[in-house]
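Heads up, the thing below is written out as structure tokens.
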Amino acid sequence: MRVTPLRFENFPDENLVSYFDGGLIGPGKVLELGCGPGRNAIYLAQKGCSVDAVDLSKEALEWGKERAGDKNVQVNFIQGNIFDLDIAKGKYDFVYDSGCFHHIAPHRRINYLEMVKKALRPKGLYSITCFVEGGILGGSDISDWEVYRQRSLKGGLGFTEEKLRMIFKEFEVVEIRKMRKMEQSDETFGVQGLWTALFRK
């Protein structure tokens, strides 16, 4: 798909840029879950944030460190499983997840939500990008029960707006919309087939 070359450009998600441009988010302490090679973490650091960025892939993080150095910004890249993080309660103003949540098995969602709530200060913000159910990027529409029967996430679970509202019902919804498709010349990442959502603790 055309997504692949864009994903490895050093461009931030268009929704993330819109949050800053719209004044919804400003400089603060940020935790990024599943940061990959750091395209969003680097943008956040450029916007004056103190960023902890976590990913399992050593290779991706090495790439991220190199890119951050090229941009002359500081990002604290952490290699590890997001569920193994030792997070101080209320440490972060903003938690960002671009493409990690839809790879998490349903039974881990409770742990995931508890982690996000613990990480955020009161009124802190949390944002996600994830697959649209049955969207052009995949977004499996199988039920939670089918995940376990088939022992597979089918490449990543898809969600509807209703499902997202239900899963994150303990948060206040600031915005839920589909990601806008962007051109490479825009220097932001945006493709069809993804939800973007912003919540407040």
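Here are some notes:
- If the condition is being hydrophobic (A, V, I, L, M, F, W, C), open to solvent by less than 80 Å² (accessible area, probe 1.4 Å) and modelled with pLDDT under 95, then the range 1-23 contributes Val3, Leu6, Phe11.
- The range 1-30 residues that are under 16 Å from Gln192 (Cα atoms), paired with ones that are exposed (fewer than 13 other Cβ atoms within 10 Å of the Cβ) and modelled with pLDDT of 95 or more (beta carbon under 8 Å, 6 or more apart): Asn15/Arg177
- Top-ranked residue of the range 44-73 - restricted to ones that are on the phi < 0 side of the Ramachandran plot and touching a Pro at 6+ places or on another chain (Cβ under 7 Å), ranked as most open to solvent (accessible area, probe 1.4 Å): Trp63
- Residue match in the range 73-82 (condition: over 21 Å from Val116 (Cβ atoms) and small (Gly, Ala, Ser)): no
- Per-region count, the range 104-136, residues open to solvent by 40 Å² or more (accessible area, probe 1.4 Å), within 19 Å of Lys178 (Cα to Cα) and in contact (Cβ under 8 Å) with a residue 60 or more places away in the chain: 1
- The set of residues in the range 95-140 that are within 12 Å of the chain's Cα centre (by Cα), part of a helix (DSSP H, G or I) and β-branched (Val, Ile, Thr) contains only Val116.
- Selected residue (criterion: nearest to the chain's Cα centre (by Cα)) from residues of the range 74-84 that are within 14 Å of Val30 (Cα to Cα) and part of a loop (DSSP other than H, G, I, E, B): Val75
The values are calculated or read from the model by the stated rules, or taken from the named source; none is laboratory data. Since this is a predicted model, take the numbers as computed values, not measurements. All Cβ positions, even for glycine, are placed from backbone atoms using ideal geometry, and neighbour counts span all protein chains on display. For the accessible areas, the whole protein counts, side chains as well, though only heavy atoms, and no ligand, DNA or RNA atoms are used. Shrake-Rupley method; radii C 1.70, N 1.55, O 1.52, S 1.80 Å.
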